[in-house]
Amino acid sequence: KKRIFSGMQPSGVITLGNYLGALKNWTKLQDEYDCLYCIVDMHAITVRQDPVKLRKQAKDLLVQYLAVGLDPEKNIIYYQSHVPQHAELAWILNCYTYMGELNRMTQFKDKCAKHADNINAGLFTYPSLMAADILLYQTDLVPVGEDQRQHLELTRDIAQRFNGIYGDVFKVPDAYIGKVGARVMALQEPTKKMSKSDENQNNIITLMDDPKVIMNKMKRAMTDSDTEVRFAEEKPGISNLLSIYCAVTGKTIAEAEKEFAGAGYGTFKTAVGEAVVAELEPVQKRVKELEANKDYLDAIIKSGAEKASRLADRTLTKVQKKVGFPPRI
Ligand code: TYM
């Protein structure tokens with residue numbers, strides 16, 4: 001079986017963007033592939049986090065992974081900080097990554113603008129830790145949203161560079177980016193992506209939003225002065241809602257356009273809202289059930305870390321030998 005690795009930062013609430021761009025695809029892939037789904041808490045501390053909150057968010061994210069349908073029997077689900085091999089490989093990869101490459105990362109530039117008071121070295125080398133996450137497991141495919149494409153390309157470059165020097169050590173991974181939902185936009189500013197750190201709550205829908213709240217946010221979503229439900233560059237608001245609708249229902253854009261031909265924006269928005277609610281309500285119910293089951297969660301956390309660590313060791317040991325570290329006696 002081919003291997004999949006992906007991860008999400010426990011840096012706040014999960015948005016509909018995270019869900020449609022990544023999580024939903026993960027659940028579809030779990031039968032066909034060997035998957036590792038990580039909660040990347042080490043990445044999260046590249047911006048300042050409150051420790052109590054971070055711990056809670058990491059736990060919440062684990063619960064949400066499970067609630068959307070990731071099966072802990074089929075997938076390895078774990079916290080990045082529980083598997084020290086990530087940090088060890090990241091250090092080595094840092095020595096094979098150029099400042100110039102890291103400087104070109106658009107996510108780094110965005111974060112510099114947002115967190116000007118804390119441009120730390122971890123923020124800068126974030127992509128080499130991400131490369132380590134992926135390369136540790138000889139990953140074939142990485143299901144992510146569009147915004148991670150550049151990091152994936154850098155990961156491939158690092159892997160190829162290392163292999164070029166030492167022989168075939170790493171599998172060179174491919175990105176898996178879905179056709180719809182890979183770039184969910186902010187509801188009221190549909191030319192920028194939906195982001196969990198957005199200050200305007202009406203721009204984002206979270207996995208845990210109440211149905212009433214979801215319907216309200218949908219109603220307020222920006223549209224345009226036209227009346228036609230049609231996917232087009234000059235109609236970013238309607239196009240975004242169409243993408244959301246299709247990503248949730250599995251319909252194609254053409255089918256959705258036909259369905260809402262002549263319907264008017266009000267009817268359309270209600271339908272999109274209802275589709276999202278129908279998708280999220282059962283997830284929210286499972287979150288409540290899982291939260292009450294501490295022993296079950298603890299067992300997953302423990303066995304996930306053990307399994308991941310065992311796999312990670314194989315690659316790390318090989319890498320350490322290749323670069324010339326003395327063998328352990
Ligand atoms: P993060 O935590 O920002 O986002 C998690 C996943 O959600 C996707 N995503 C979106 N998809 C569609 N529309 C949006 N508006 C949207 N916003 C976010 C992201 O593309 C991502 O797939 N660097 C990663 C975490 C990471 C990782 C890894 C991922 C660390 N190591 C190794 C894959 C493999 C990140 O910050 O994702």
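The values are calculated or read from the model by the stated rules, or taken from the named source; none is laboratory data. As the structure is a prediction and not an experimental result, all values here were calculated from the model. Here Cβ is always computed from backbone atoms with ideal geometry, including for glycine, and neighbour counts include all displayed protein chains. Side chains included, ligands, DNA and RNA excluded: accessible areas come from the protein's heavy atoms. Shrake-Rupley method; radii C 1.70, N 1.55, O 1.52, S 1.80 Å.
Annotations
- For the pair E32 and M99, a Förster radius of 41 Å applied to the C-beta separation gives a FRET efficiency near 0.60, rounded to the nearest 0.05.
- Overall form of segment 95-228 per C-alpha gyration tensor (a/c, 1.5; a/b vs b/c): prolate
- Among the protein heavy atoms of the chain, carbon and sulfur supply 52% of the accessible surface, probe 1.4 Å, non-protein parts ignored.
- Comparing S243, P326, A308 along the charge dipole axis of segment 204-329, the residue lying farthest to the positive side is P326, per the Cβ-charge model.
- The chain: angle of helix 294-323 to the longest principal axis, Cα-based, in degrees nearest 10: 50 degrees
- With the simple model of a label 7 Å out from the Cα in the direction of the Cβ, K307 to I165 spans 3.3 nm.
- Annotation: extensible slack from I253 through E281 equals 7.7 nm (criterion: 0.36 nm per residue apart, minus Cα-Cα distance).
- Once both labels are positioned 7 Å from their Cα atoms along Cα-to-Cβ, the gap between T267 and E291 label points is 3.8 nm.
- Average accessible surface area per residue within segment 201-288, 1.4 Å rolling probe, Å²: 48 Å²
- With a Förster radius of 25 Å applied to the beta-carbon distance between R48 and K109, the computed FRET efficiency rounds to 0.85.
- As a size descriptor, the averaged projected area of the C-alpha convex hull of the chain was calculated at 18.1 nm².
- Backbone N under 17 Å from the D117 label point (7 Å along Cα→Cβ), restricted to segment 51-89: 51
- Amide hydrogen neighbours beyond the local backbone of Y176, cut-off 5 Å, H modeled: V142, V144
- For the chain, the longest principal axis of the Cα atoms and the long axis of helix 211-220 meet at an angle of about 70 degrees.
- Long-range amide H partners of C35 with built H, under 5 Å: I4, I76
- With Cα atoms as the point set, segment 201-288 shows a radius of gyration and Dmax of 12.9, 42 Å.
- In the chain, taking the dipole from charged Cβ atoms about the Cα centre, the farthest positive-side position among Y79, T252, P190 is held by Y79.
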